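Bear in mind these aren't lab numbers, they're just calculated from the coordinates by the rules spelled out. The structure displayed is predicted, hence computed values, not measured ones. Reconstructed Cβ throughout: ideal geometry from the backbone, glycine too, with neighbour counts over all protein chains shown.
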Amino acid sequence: MTVPNTPPDPLHAAAGAEADTSAPNPFAPPEAPDRALARKADGPALQRLLPELKVGAVTVLVCLVLGVAMAALWAWLAPKVPLVVDGNKILYGDPEGEQRAGADSVFVLIGLGMGALTALGAFLATRRRGGGIAVAVGLAVGGLLASVGAWGLGRRLGPAGDLVAEAKRVGDGGHFDADIDLGAYGALLAWPMAAMVVLLALSAAFGKREEDPPPYWAGPSAGQQPPAGLPSGPTDVAQGPAGGPQDGPRPPEDRLG
């Protein structure tokens, strides 16, 4: 017989603690998921993302290549600003000329044409797959980068920018052309804006269409099973006293009877 409130034996208490640790704890938190299963879950998302990234990268590269052609066209078609050497001064050959504004206009027109061309090509190349956000982002980013590159490369392909060296080369009374440059930097947005507008118009008019779902009142289509829990045949209608249909479905007790 033990005395009430007697502390337990330390040896028995330690043995009981060891036994309890071996038993599963129902209140323990669940174990972390396996890393292999997490990789498998991320696999389909990565597989869907890679084709989109490839389409966007190819679109940007094509725009950059066309940007070189844009630079050559701008350096060739942009009106030149004539200058004349008068002693130790460099003067405009045509003080009232619009050549500076003309260079901006030519750059904008070429950018609009390049934007429409790249949007049409990207739409035709990705029409079967349905385009996607990668095409729009590739056109916007590629068009902006190509415009900036065409601006810098066109300045190098045009007349020399060192006016003092050119004035010394031609001598007093000589004529030469100033370098071409953009006076309005908003012209750099002509290509991406035109590409977005043309792509949106083509997608709205000739883009891939998804089939509309049937209206809710049409019911299940032929060969389609009705949802679980709904009767597959006509509703059993109870007969009235005169042989006609009774209002509402037949009660359960009448069916059993």
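Structure summary
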{"quantity": "Net dipole in debye of segment 55-205 [+1 Lys, Arg Cβ; -1 Asp, Glu Cβ; about Cα centre; nearest 20]", "calculated": "860"}
{"quantity": "FRET efficiency for ARG156 and LYS89, using Cβ-Cβ distance with R0 set to 35 Å, rounded to 0.05", "calculated": "0.85"}
{"quantity": "Residues LYS89, LYS168, LYS80 arranged by fewest to most Cβ contacts within 10 Å", "calculated": "LYS89, LYS168, LYS80"}
{"quantity": "D_trans [Stokes-Einstein, Kirkwood Rh over alpha-carbon pairs] for segment 55-205, 4 °C, 1.567 mPa s, µm² s⁻¹", "calculated": "78"}
{"quantity": "Under the Karplus curve 6.51 cos²θ - 1.76 cosθ + 1.60, θ = phi - 60°, whole-Hz ³J(HN,Hα) for segment 163-170, x wherever Gly or Pro sits", "calculated": "5, 5, 5, 5, 5, 5, 5, 7"}
